[in-house]
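Heads up, the thing below is written out as structure tokens.
The values are calculated or read from the model by the stated rules, or taken from the named source; none is laboratory data. In this text the structure is predicted, and so the values were computed from the model without any measurement. A quick note on method: Cβ atoms are made from the backbone with ideal geometry, for glycine too, and the neighbour counts reach across all protein chains shown. SASA here: full protein model, heavy atoms, side chains in, ligands and nucleic acids out. Shrake-Rupley method; radii C 1.70, N 1.55, O 1.52, S 1.80 Å.
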Amino acid sequence: MEVEVDKLELMFQKADSDLDYIQYRLEYEIKAKHPESAGEKNPVTLLKEKSALKSRYQTLYARFKPIAVEQKETKTRICATMNKTMTMIHELQKKTDLEPSPLTEEEKTAAEQLKSQVPDP
């Protein structure tokens, strides 16, 4: 989940950078190829719309950032709780002389992923 959040954040940053580059290229093309029409409405309107889109993107990003932080914190808490629960189950099985049932491959994979997400205290 954290990887997806980081990937999404990088995509937003790349999109912002791409929009800046597009604006630069549009301004350059307008000045270089059409110096007499630089004041016409169409290219300028497009650039203003681009600025409005960028502003909306920044607003969206500002809303997204606290959600991403909370999502990471929640994931960490869930993983820690699951690790503690698994440890408690194993301890109870030992104390009651119950032999732990062997884990399936899917359970082994899930347990390893869980352990890799949150370091032991």
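Some observations on this one:
- The condition (being within 30 Å of A110 (Cα to Cα), β-branched (V, I, T), open to solvent by less than 60 Å² (accessible area, probe 1.4 Å) and modelled with pLDDT under 85) is satisfied by just one residue among V44, V5: V5.
- Which listed residue, of P102, P121, P66, is at pLDDT below 85, under 30 Å from E9 (Cβ atoms) and surrounded by fewer than 10 Cβ atoms within 10 Å (Cβ to Cβ): P121
- Residue count for segment 69-86, restricted to those that are open to solvent by 70 Å² or more (accessible area, probe 1.4 Å) and over 20 Å from E4 (Cβ atoms): 2
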